[in-house]
1. Just checking, which of VAL86, VAL4, VAL77, VAL82 is modelled with pLDDT of 95 or more, within 16 Å of ligand 1 (Cβ to nearest atom) and of a type outside the set (Ser, Thr, Tyr)?
2. Return yes or no: is ALA105 at negative phi, more than 16 Å from ligand 2 (Cβ to nearest atom) and either out of contact with any Lys or Arg (no Cβ under 6 Å at 6 or more places or on another chain) or touching a residue at least 40 places away in the same chain (Cβ under 8 Å) (or both)?
3. So which residues in segment 322-343 are within 24 Å of VAL138 (Cβ to Cβ) and open to solvent by 10 Å² or more (accessible area, probe 1.4 Å), if there are any at all?
4. Just checking, which of VAL33, VAL16 is assigned by TED's automatic domain parsing to the domain that holds TYR85 and touching a helix residue (DSSP H, G or I) at 6+ places or on another chain (Cβ under 6 Å)?
5. Need a quick list: helices (runs of 4 or more DSSP H) entirely within segment 1-101 having at least 2 residues that are under 21 Å from GLU143 (Cα atoms) and open to solvent by less than 30 Å² (accessible area, probe 1.4 Å).
6. Identify, from the list ARG51, ARG101, ARG60, ARG55, the residue that is more than 21 Å from GLY265 (Cβ to Cβ) and within 16 Å of ligand 1 (Cβ to nearest atom).
Amino acid sequence: MLAVCKVQEGEGGISVEERDPRDPGPGEILIKVAAAGICGTDMQIYYWAPRMARRMELPRVLGHEACGYVEKIGDGVMNVAVGDYVSLESHVYCGTCRPCRLGKAHLCTKTTYPGVSFDGGFAEYVTVPSQIAWINPVDLPIEVAAMMEPFGIAVHTSLAGAGVAGRTVLVNGCGPIGLMNVASARALGATRIIACDINPLRLATAEKMGADRAVNATEEDLQSIVQDMTGGDGIDVAIEYSGTETGFNACFEALAKGGDFRLVGAPPTSIPVDFTHWVVKCPEMQNIHGRRIWDSWQVASELVSTGAVDLGPIHSHSLPIKDGPSGFELIREGKALKPLIVP
Ligand SMILES: [Zn+2]
Ligand SMILES: [Zn+2]
């Protein structure tokens with residue numbers, strides 16, 4: 001079968017290779033991949049960021065945001081059956097470490113990831129532990145099913161702290177998950193949503209996803225817009241996706257006293273924080289990593305299957321495996337939102 005692989009260290013090094021599917025061992029399933037999304041983590045692998053390089057052996061079939069049909073099951077698999085239509089949680093959790101036992105499997109100390117620690121879903125078939133399969137309704141479009149994993153992060157973020165219902169929300173950074181967060185915040189009852197980015201395609205999509213105001217940070221003053229739209233109070237919930245020092249500071253400045261600061265996009269290097277300002281403003285801090293397993297999935301599934309959220313506008317390209325590497329280039333050039341590899 002064909003597979004999109006990282007074959008070389010350093011920037012780039014993505015190519016299409018011939019690989020054999022692997023028969024499922026005990027507790028594993030073989031999935032015929034229907035669609036798989038290229039995401040920010042894949043771009044970090046593309047750029048060979050140190051935090052990815054440390055965990056990876058090459059060559060590696062990439063792809064951790066996948067959906068498809070269960071083709072074969074290994075011994076002892078009880079949670080899914082052949083023919084089931086599933087999306088994959090990307091955190092393979094151990095179930096026995098302290099966070100796992102305390103109901104925080106997303107913080108498992110032994111997490112491994114398809115497409116990083118073992119071969120992933122940018123291929124015709126992928127073999128994974130059955131524990132990470134979430135069964136979808138049969139009529140869920142494959143383009144949506146392939147985006148359930150990142151959408152789960154947006155749902156987790158919307159539900160963190162005191163949630164978003166009846167509150168004003170700033171989403172800073174409108175990559176695919178930021179855009180999904182605009183939609184989940186809207187569906188879960190946010191009153192006013194401000195989305196901020198510097199890319200016109202992302203800003204136009206933010207409006208489609210339900211933002212009341214899309215702010216281009218290179219042309220407009222975010223802080224005065226926040227003040228205007230909140231009667232001078234500041235925003236109740238500031239959600240940071242940009243992963244930049246500027247974005248981190250903009251979220252802090254936009255916040256109302258005692259508001260929620262939700263950090264999703266971690267800056268790649270440390271940044272200075274003035275804790276005197278922090279203590280005076282007293283934000284509640286929520287750090288978001290992955291999805292609550294399976295709480296975020298339950299709500300995400302409900303939102304898309306009832307039509308409360310339409311993820312359609314975020315899907316920008318469908319590429320056959322042989323053209324998979326071009327998806328990385330499209331993201332690099334800022335021309336794609338969420339490209340999907342569709343075998
Ligand atoms: Zn991802
Ligand atoms: Zn664990």
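The values are calculated or read from the model by the stated rules, or taken from the named source; none is laboratory data. Being a predicted model, the structure only gives us computed values, none of them experimental. With ideal geometry, Cβ positions are generated from the backbone for all residues, glycine too; neighbour counts draw on all protein chains shown. The accessibility values were calculated without ligands, DNA or RNA, using every heavy atom of the protein model including side chains. Shrake-Rupley method; radii C 1.70, N 1.55, O 1.52, S 1.80 Å.
1. Unique residue meeting the criteria: VAL4.
2. no
3. VAL342, PRO343
4. VAL16
5. Per the criteria, 40-47.
6. ARG60
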